[in-house]
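Only one structure is covered here, and it is reproduced in the block below.
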Amino acid sequence: MGAPGAGKGTQARLLQERMNLPQISTGDMLRAMAAADIHSTQASGRLISDDVVIEMVRERTAGEDCQNGYVLDGFPRTTVQAEMLEKLAHEQGNSIRGIFVDVPYDVLQQRLTGRRTCPICGEIYNIYFKPPRFDNRCDLHPEQELTFRADDAPEKIRVRLETYERQTAPLLDYYGHSGRLERIDGTKPPAEIYSQIEREIKA
């Protein structure tokens, strides 16, 4: 859990690689969908309807690779989705644990406006914090220009962060009050953040 740009995707990908926990990214799943209304909603910085997202999560987590657990990246984003997830977890015989990657607002802005992605391998760069070796080219695929997400434009970022504060931040109380939330300092190096997350999961 965390605001847009907190590094949720990076950590979820590491957990998938090192702990064999499938990364379930609702954002990636939605971006892959061809429905024009979903693309236009997402590009504006607003959230997709709860019913659409929970069905995607239900179908994906029914896969055989999710039988021993999985990492949800970008879900739930509202308390309604959290309640839906409680029911799904109960049906699956799973328990839920929230990990909140905490990053200050000013750092989030730089992370989002500077983010670039390789469309081939999905590697994420940042022109401020983690630039590629060659200008706007992937280190692993130098023939490929990096892409800039439409929802990382400055005007969209403001909407995304406002939406997060209004709808998603209350989830910290939702999981915190039940003792299922761990807070991680998201300004530390990714490797250090991962080590702390891994310790929390194994504990």
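Here, each number is a calculation from the coordinates, and none is a lab measurement. Just so we're clear, the structure is a prediction, and the values are computed from it rather than from any experiment. Here the Cβ is made from the backbone with ideal geometry for all residues, glycine too, and neighbour counts use every protein chain on show.
For the chain, what is the charge dipole size about the Cα centre, in debye to the nearest 20, if Lys and Arg each add +1 at the Cβ and Asp and Glu each add -1 at the Cβ? It would help to have the intermediate numbers written out before the result.
Details: 26 positive and 31 negative charges, 80 e Å.
About 380 debye.
Nearest 0.05, what FRET efficiency do ARG158 and TYR128 give at R0 = 22 Å with Cβ-Cβ as r?
Working: r = 18 Å, r/R0 = 0.83.
Step by step, r from the Cβ atoms, then E = 0.75.
Can you tell me the mean projection area, over all orientations, of the convex hull of region 45-95's alpha carbons? Units nm², please.
Projected area, direction-averaged: 3.6 nm².
Quick one: which residues, 5 or more positions from LEU21 or on another chain, have an amide H under 5 Å from its amide H? H modelled 1.01 Å from N in the peptide plane, none for Pro or chain starts.
When sequence neighbours closer than 5 places are left aside, the close amide H contacts are GLN16.
If amide hydrogens are placed 1.01 Å from N in the peptide plane, which non-local residues have theirs closer than 5 Å to the one on GLU123?
CYS118
Estimate the FRET efficiency between ARG183 and ASN94 by the formula 1/(1 + (r/R0)^6), using the beta-carbon distance for r and 25 Å for R0, to the nearest 0.05. If you can, show how the numbers build up before the last one.
Values: r = 22 Å, r/R0 = 0.88.
Calculated value: 0.70.
Tell me, which cysteines of the chain are without a disulfide-compatible partner by the Cβ under 4.7 Å rule?
If one checks each Cβ against the other cysteines of the chain, CYS66, CYS121 turn up with nothing under 4.7 Å.
Can you give me the distance in nm between label points at GLN67 and TYR105, each placed 7 Å from the Cα along the Cα-to-Cβ direction?
Result for the modelled spin labels: 4.8 nm.
Most mobile of CYS138, CYS121, CYS66 per a Gaussian network model of the chain (Cα springs, under 10 Å)?
Greatest mean-square fluctuation among the candidates belongs to CYS121.
Can you give me the angle between helix 79-92 and the longest principal axis of the chain, using Cα atoms only, in degrees from 0 to 90, rounded to the nearest 10?
Orientation of helix 79-92: about 60 degrees from the principal axis.
First obtain the Kirkwood hydrodynamic radius of the chain from its Cα pairs, then insert it into the Stokes-Einstein equation at 25 °C and 0.890 mPa s, and state the resulting D in µm² per second as a whole number. Present the calculation step by step, with values, prior to reporting the outcome.
Working: Rh = 17.7 Å.
Stokes-Einstein gives a translational diffusion coefficient of 139 µm²/s.
Once the piece of chain linking ALA169 and ALA32 is laid out straight, how much longer is it, given 0.36 nm per residue of separation minus the C-alpha distance between them? Don't jump to the answer; show the numbers that get you there.
On the way: separation 137, 0.36 × 137 = 49.32 nm, distance 2.60 nm.
Gain in length upon complete extension: 46.7 nm.
How much net charge surrounds THR117 when only other residues with a Cβ under 9 Å from its Cβ are counted (Lys, Arg +1; Asp, Glu -1)? Intermediate values should be presented prior to the final figure.
Working: positive: ARG115, ARG116, ARG149; negative: GLU123.
Here the count lands on +2.
Relative to the longest principal axis of the chain, what angle (0 to 90°, nearest 10) does the C-alpha long axis of helix 154-163 take?
10 degrees
Please report, to two decimal places, log10 I(q)/I(0) for region 103-145 at q = 0.29 Å⁻¹ as given by the Debye formula with identical point scatterers on the Cα atoms and no solvent.
Debye curve over Cα of region 103-145, log10 I(q)/I(0) at q = 0.29 Å⁻¹: -0.96.
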